[in-house]
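Undergrad: This structure is in structure tokens; I'll ask about it shortly.
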Amino acid sequence: APRCSYVLDVATLRQQLEYVRRHYTVLPLAEALERLLGNTLPRRAAVLTFDDGTRNLATHAAPVLRDLDLPAAVFLATGPMGTDDPLWPDRLWLAFARTQVPEIDLTALGLGQRPLRIPADRSETREAAVEYLKGLPDPERMARVEWLVGVLGPERDACGSPFEMLNWDEARALMRDDRVALYPHTVTHPILSRCSDAKVDQEVAESC
């Protein structure tokens, strides 16, 4: 599969975090919130956050954070942890990256007929599809994701990809490093504003 544009390699991550450390006062999230409320934030304050809970947090990001002595908040999507199931945007990335389909009819999504022969076409179409799907009610979004994956061909699992999720032992090991704090980030990574009240309650309560 081609390189994913929103996944950083270790060298780039280190370069960016070295810049942040030089130019900002990086605080743990809880301290930053407390100082924000107390109006005592230092100049150029910053907080580092990582979303979702992919395994490369442990294998790639945590060692860099330790080396640079930087605190970070990690927001875990708890449902697929310890499984081979990627989150829905990452399922689509894998399906588009691995498909053998030369073109796709996305008229049902208002996106027309789209070519998929080269990586740039696949990337553009995937990004357009994800933006469209974010606006749908949650059950319809899930159904459309399944339909898209079915059309593109089996995306297989995330094993060995940047989207492989942490398991709970790895998450606990991260938390033993006092630089890293863990927070909930829903169960299935839906768009909460497109969910029913009952679904929001479930996603928030169960992830906590």
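The values are calculated or read from the model by the stated rules, or taken from the named source; none is laboratory data. The shown structure was predicted, so the numbers you read here are calculated from the model rather than taken from an experiment. Methodologically, a virtual Cβ is constructed for each residue, glycine included, from the backbone with ideal geometry; neighbour enumeration extends over all protein chains shown. Heavy atoms of the whole protein, side chains included, go into the accessibility calculation; ligands, DNA and RNA do not. Shrake-Rupley method; radii C 1.70, N 1.55, O 1.52, S 1.80 Å.
Undergrad: Could we say that Arg43 is over 14 Å from Leu174 (Cα atoms), assigned to a loop (DSSP other than H, G, I, E, B), free of Cβ contacts under 8 Å to residues at least 60 places away in the same chain and open to solvent by 20 Å² or more (accessible area, probe 1.4 Å) here?
TA: Numbers: over 14 Å from Leu174 (Cα atoms): yes; assigned to a loop (DSSP other than H, G, I, E, B): yes; free of Cβ contacts under 8 Å to residues at least 60 places away in the same chain: yes; open to solvent by 20 Å² or more (accessible area, probe 1.4 Å): yes.
Here the answer is yes, as Arg43 does meet what is asked.
Undergrad: While we're here: Within region 27-35, is there a residue that is under 23 Å from Thr186 (Cα atoms), hydrophobic (A, V, I, L, M, F, W, C), in contact (Cβ under 8 Å) with a residue 24 or more places away in the chain and part of a loop (DSSP other than H, G, I, E, B)?
TA: Narrowing region 27-35 to residues under 23 Å from Thr186 (Cα atoms): 28-33.
Cutting the leftovers down to hydrophobic (A, V, I, L, M, F, W, C) gives us 29-30, 32-33.
Next, from what is left, pick out any that are in contact (Cβ under 8 Å) with a residue 24 or more places away in the chain: 29-30.
Of the ones still in play, those that are also part of a loop (DSSP other than H, G, I, E, B) are none.
No, region 27-35 contains no residue that is under 23 Å from Thr186 (Cα atoms), hydrophobic (A, V, I, L, M, F, W, C), in contact (Cβ under 8 Å) with a residue 24 or more places away in the chain and part of a loop (DSSP other than H, G, I, E, B).
Undergrad: Does any residue of region 166-175 turn out to be at pLDDT below 90 and either basic (Lys, Arg) or open to solvent by 40 Å² or more (accessible area, probe 1.4 Å) (or both)?
TA: Within region 166-175, the first condition is being at pLDDT below 90, and the residues that meet it are 175.
Then keep just the ones that are either basic (Lys, Arg) or open to solvent by 40 Å² or more (accessible area, probe 1.4 Å) (or both); that gives 175.
Yes: region 166-175 contains one or more residues that are at pLDDT below 90 and either basic (Lys, Arg) or open to solvent by 40 Å² or more (accessible area, probe 1.4 Å) (or both).
Undergrad: I'm trying to understand the selection: among the residues of region 91-116, which are within 24 Å of the chain's Cα centre (by Cα), within 17 Å of Glu131 (Cα to Cα) and not hydrophobic (A, V, I, L, M, F, W, C)?
TA: Listed by number, the list holds a single entry, Arg91.
Undergrad: Need at least 2 residues that are in contact with a Lys or Arg (Cβ under 8 Å, 6 or more places away or on another chain) per element, so show me which strands (runs of 3 or more DSSP E) inside region 92-208 make the cut, counting only ones lying wholly within it. Give the derivation first.
TA: On the way: elements: 103-106, 112-115, 180-184.
Output list reads 103-106.
Undergrad: Output yes when any residue across region 65-75 is of a type in the set (A, V, I, L, M), in a helix (DSSP H, G or I) and under 22 Å from Leu182 (Cβ atoms), and no when none is.
TA: Yes - at least one qualifying residue is present in region 65-75.
Undergrad: Another one. For region 79-89, indicate whether the set of residues that are in contact (Cβ under 8 Å) with a residue 24 or more places away in the chain and polar (S, T, N, Q) is non-empty. So that I can check it myself, show each step before the final result.
TA: Step one: of region 79-89, the residues in contact (Cβ under 8 Å) with a residue 24 or more places away in the chain are 79-89.
Adding the requirement that they be polar (S, T, N, Q) leaves 83.
Scanning region 79-89, I find at least one residue that is in contact (Cβ under 8 Å) with a residue 24 or more places away in the chain and polar (S, T, N, Q), so the answer is yes.
Undergrad: Identify the residue in region 94-129 that is of a type in the set (S, T, N, Q) and in contact with a strand residue (DSSP E or B) (Cβ under 6 Å, 6 or more places away or on another chain) and, among all such residues, is nearest to Arg3 (Cα to Cα). Full working, then the answer.
TA: Start the filter on region 94-129 by keeping residues that are of a type in the set (S, T, N, Q), which leaves 99-100, 107, 113, 123, 125.
Okay, now just the ones that are also in contact with a strand residue (DSSP E or B) (Cβ under 6 Å, 6 or more places away or on another chain), so 113, 125.
Numbers: Gln113: 25, Thr125: 16 Å.
Only one residue tops the list, namely Thr125.
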